[in-house]
Number of protein chains: 2
Amino acid sequence: METDVLVVGAGVLGLSSAYYMKKRDPSRKVVVVEKLSGPGQGNSAKSEGGYRNLFASETNYLLADSTIDWFHHLQEDLEYDIGMHELGYLWLLPEDEYRERRTPFDVAKKRGARILEYSSEELKQMMPDLITEFDDSEDSQMMGLEDVEMGVFGPNCGSVDVDRLVKAYEAEFLKISGEIHYNTDATKLLHDPVEPLGIPGEPFVWQESRIAGAETSKGKILAETTVVACGTWASKILDPIGFDCLMRPKKRQIFAFKDPKLSRLLNTKDFNEDNKLPVTILPTAGILLKGEVSEESIWLACADNLGRKFELEDDPKPEDDYYANNIYHALVQYLPCFEDVRPANSWAGQYAINGFDQTPIVEASPGLIYVGAASGSGIMKSDALGRIVDAVNEEKEYATLYGGRGFKCSDLSIANRRVEKETLVV
Amino acid sequence: METDVLVVGAGVLGLSSAYYMKKRDPSRKVVVVEKLSGPGQGNSAKSEGGYRNLFASETNYLLADSTIDWFHHLQEDLEYDIGMHELGYLWLLPEDEYRERRTPFDVAKKRGARILEYSSEELKQMMPDLITEFDDSEDSQMMGLEDVEMGVFGPNCGSVDVDRLVKAYEAEFLKISGEIHYNTDATKLLHDPVEPLGIPGEPFVWQESRIAGAETSKGKILAETTVVACGTWASKILDPIGFDCLMRPKKRQIFAFKDPKLSRLLNTKDFNEDNKLPVTILPTAGILLKGEVSEESIWLACADNLGRKFELEDDPKPEDDYYANNIYHALVQYLPCFEDVRPANSWAGQYAINGFDQTPIVEASPGLIYVGAASGSGIMKSDALGRIVDAVNEEKEYATLYGGRGFKCSDLSIANRRVEKETLVV
């Protein structure tokens, strides 16, 4: 098969990229191949679906803020039900961390992000299940528990149903005659000479070469541009051509709770119109909770770092022990309502971590565009990244993000990268 | 076993680091473990051994220039025969590339690097075997051969015998009672709680944790600081603890030639006191040649990039085809004396490539220091990197390089990296 553009991966980044390349020129043939049987079935749909515009780096802010605007457009103007709920993001901060993060929060505010602050007294009123003060007991000290000094709240952050989101991208792409081939595995990129001589062994080291498409489980596909957007699987096809995707896969687990004991916490009032628990980040161990409106449950994730291995897993599994004998110890100290509560459901996906600056990469090489390494925030930046891939394919210096803001494409490249250090990490 | 410092890897970076940490405080116990049977047996001693102070980035210049000064000190003052020969580095540049690289060469000059320039006429005199002009024949055009416009020469660059260099580091380290255990494989880093509670499953996500040593094939070694300096093998022990070493291994082959037809080229006059072929970079395909004084041969390597896979190999092999059916086509156009000449010997090692900025990394995490990702220039920066590892271990802001220049340690870290883009790459 021959095509103008081949996109490897029908996750959120592949479909967004495919959509914008096709939309720019509907006469162009854009083919997406996906080894799984549907959109977003790799890691996209396994995500917790949180989104936030609270970032200290301008790059992250632009990518996320414009994508969130696009989510609103999808849901409100185009009437896709992508399960968008403006729950807000609530950072529960001990005194020292509050002091440390004050500057980055101020920066985010200056950029245009709305931010509210709640004192520990206010938090106690709004979230009566939360413990904000600990005694000097051995247990508290042993666990390094710190009093919650302040809640910093981003009301324009929230949660989206990623499965529905990828289906919306898929529908928009198919509507303009995009082609998607599911159950089609791109096994190898074609590294070919720009001007073939017909001699065995090409391309030689002295020859100009390019990526010319891919071998797939359904045959060879030749393409002018090949976009590698297969997330944690990118190294499987990029390592063999010697292209460093600067990404390592790391498992992230989600535990869902439906216990009646958590009813008051789930239905936390006053933070959002849904009157549901906002996306809430505990002061310890990167534990994150959110109210999931669609199923009246609380979802829990944990951003474990050192100690959590890098390794590609096709079908990562949640670990019962990880909740019950690990997170639980700390969780129940801040939220005693979790006492003896066990998850009703759990699953796991993988993040594509860029260990360098935790910011997505869009890098071009002859015939090839790589988008990925989004480090856990690819969904909330998906619309912007798709537009940037399209702009890179057009060799444009700037991409126009949803809403009209410009973005310098090379800022996300490897060769000419210009990314500020992000200080607002979970 | 317990030790103050455990160094994993007795390659050039491990031994240099171990030496400086031991030298600072000879009462401190510094133990090096190495899975192979001698120093530098991984990839160090398989290197071509070139060194240069021609770099455009200040970081690279400081690291290399001070290390080269140290090589002189080792050979001339301490009287180690490390086979150091100031052959010079000769870049053969087509017109456009000469124009492009003029600024970076000027920058290197301003920093203190000596640089000479030779016109194509002068080059023809000095290196009569070199073709500097090509006709418009189909062959020349097909191969993209370009006339050599200028030779840019760094007289203070050259070549060192890496096997002897690592043995010199080893000897200096042993002299001050450093301990090295060969045939000892560090299989796993110990990720332990800072304050152990004695509960199974530690460290928990809410616990402060650190690297506390390593399991080895000869038993557990507990250490205050563990230095991971095992080059291309670093990911094998760092991936499991979720620490991104930002490095991917890539094979590099060396072919050695002893044919009498190459005698005039080998004994190229006027560039250096040895009257031997300088390290010479051809205009095409990253082909690099050098006269090897110790064995009266010419060594050839090729910096292949796209198309050369990333993959860890314990015992990489040179590929006959790679020379005869690939490099040879271009090589023989520039240097017809290679016609029908086959390598007398060949071997292969692996580079630890940092795909981000091709500059070494020295990153600390509690109990751990990682040094590596030197991307093919670790040997020529080895002395500076060892001193920086020592300074990081002392939590010093600056390291003092050989000769007294200061170096800000965090410039090579991941978290606070400050590295200029290098434009003088081979």
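Tabulated data for the structure shown
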item	result
Hydrodynamic radius (Kirkwood) for region A:208-327, which is based on Cα pairs only, to one decimal in Å	18.1 Å
Fewest-first sequence of A:THR132, B:THR226 by Cβ atoms within 10 Å of each Cβ	A:THR132, B:THR226
Choice from B:ASN393, B:ASN183, B:ASN305 with maximal GNM fluctuation in chain B (Cα, 10 Å cutoff)	B:ASN305
Amide H partners (placed H, <5 Å) of A:THR216, local residues excluded	A:THR187, A:ILE221
For chain B, calculated [θ]222 nm from helices alone, where every DSSP H run of n ≥ 4 adds -39500 (n - 2.57)	-7000 deg cm²/dmol
Rounded Å value of the spacing that divides the Cα centres of region B:7-43 and region B:52-125	29 Å
Average beta carbon contacts from partner chains per residue of B:141-147, 10 Å cutoff	2
Positive-end residue, region A:93-150 charge dipole about Cα centroid, Cβ charges, pick of A:LEU123, A:LEU145, A:GLY112	A:GLY112
Chain B Cβ-axis minimum, rotational copy A, residue and distance in Å	B:PHE356, 3
Size-normalised alpha-carbon gyration radius of the protein assembly as shown, reference 2.2 N^0.38 Å	1.01
Compactness of region A:347-396, expressed as Rg and Dmax over alpha-carbon positions, Å	11.8, 40
Gain upon complete extension [A:SER410, A:GLU76; 0.36 nm per residue less C-alpha separation]	117.0 nm
Cα-based helix-to-principal-axis angle, B:95-111 vs chain B, degrees rounded to 10	50 degrees
Spherically averaged projected area in nm², based on the convex hull that wraps the Cα atoms of region A:26-142	12.7 nm²
Highest-fluctuation residue, A:PRO200, A:PRO360, A:PRO249 considered, GNM on chain A with Cα pairs under 10 Å	A:PRO200
In order through region A:206-220: 3J(HN,Hα) via Karplus (6.51 cos²θ - 1.76 cosθ + 1.60), integer Hz, x for Gly, Pro	8, 9, 5, 10, 7, 8, 10, x, 8, 7, 10, 5, 10, x, 7
At 7 Å out from Cα toward Cβ: A:LYS309 inter-copy label distances (nm, ascending)	2.2
Inter-chain Cβ neighbour average for residues A:307-313, partner chain, 10 Å	5
Inter-chain shielding of A:322-328 (mean C-beta neighbours from other protein chains, 10 Å cut-off)	3
20 Å cut-off, amide nitrogen to a point 7 angstrom out along B:LYS258 Cα→Cβ, residues in region B:307-350	B:318-320, B:323-324, B:338-348
Of A:LYS35/A:LYS188; B:LYS35/B:LYS188; B:LYS250/B:LYS290; A:LYS251/A:LYS276; A:LYS23/A:LYS220, pairs whose Cα-Cα distance is over 19 Å	B:LYS250/B:LYS290; A:LYS251/A:LYS276; A:LYS23/A:LYS220
Net length gained if the chain between B:GLU313 and B:SER217 were fully extended (0.36 nm per residue, minus Cα distance)	32.5 nm
Inter-label distance for B:GLU296 and A:GLN141, nm, one decimal - labels placed 7 Å from Cα along Cα-to-Cβ	7.7 nm
Proxy reagent accessibility, fewest Cβ within 10 Å first, across A:VAL205, B:VAL389	A:VAL205, B:VAL389
Computed label-point distance, nm, for sites A:TYR182 and A:THR400 using a 7 Å Cα→Cβ extension	3.4 nm
Label geometry 7 Å along the beta-carbon vector: B:LYS218 inter-copy distances in nm	5.7
Residue-by-residue Karplus 3J(HN,Hα) for region A:321-329, coefficients 6.51, -1.76, 1.60, Hz, glycine and proline x	4, 5, 6, 5, 10, 9, 4, 3, 3
Label point 7 Å beyond Cα along the C-beta direction, distances from B:GLU122 to other copies (nm, shortest first)	7.3
Rg to Rh, two decimals, where region A:141-211 supplies the alpha carbon set and Rh follows Kirkwood	1.36
Residue with peak Gaussian network fluctuation, chain A [Cα springs, cutoff 10 Å], from A:LEU331, A:LEU54, A:LEU13	A:LEU331
Gain in span if fully extended, B:LYS421 to B:GLU273, counting 0.36 nm per residue against the direct Cα distance	50.0 nm
Hz values of 3J(HN,Hα) by residue in region B:404-421 - Karplus curve (6.51, -1.76, 1.60), Gly and Pro given as x	x, 5, x, 9, 6, 4, 5, 4, 9, 6, 7, 5, 10, 4, 9, 10, 6, 5
Rg/Rh ratio calculated on Cα atoms of region A:257-340 (Kirkwood radius)	1.00
Cβ charges +1 (Lys, Arg) and -1 (Asp, Glu), total dipole of the protein assembly as shown, debye	40 debye
For chain A, alpha-carbon Rg and Dmax in angstrom	22.4, 77
Amide H within-cut-off set for A:GLU420, under 5 Å, with H built and near neighbours excluded	A:GLU58, A:THR59
Cα-based radius of gyration of region A:283-426 once divided by 2.2 N^0.38 Å, which approximates compact folds	1.30
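Every number here is computed from the coordinates shown, using simple stated rules; none is lab data. The model shown is predicted, which means the values in this text are computed figures rather than measured ones. Please note: Cβ atoms are built from the backbone with ideal geometry, for glycine as well, and neighbour counts cover all protein chains shown.
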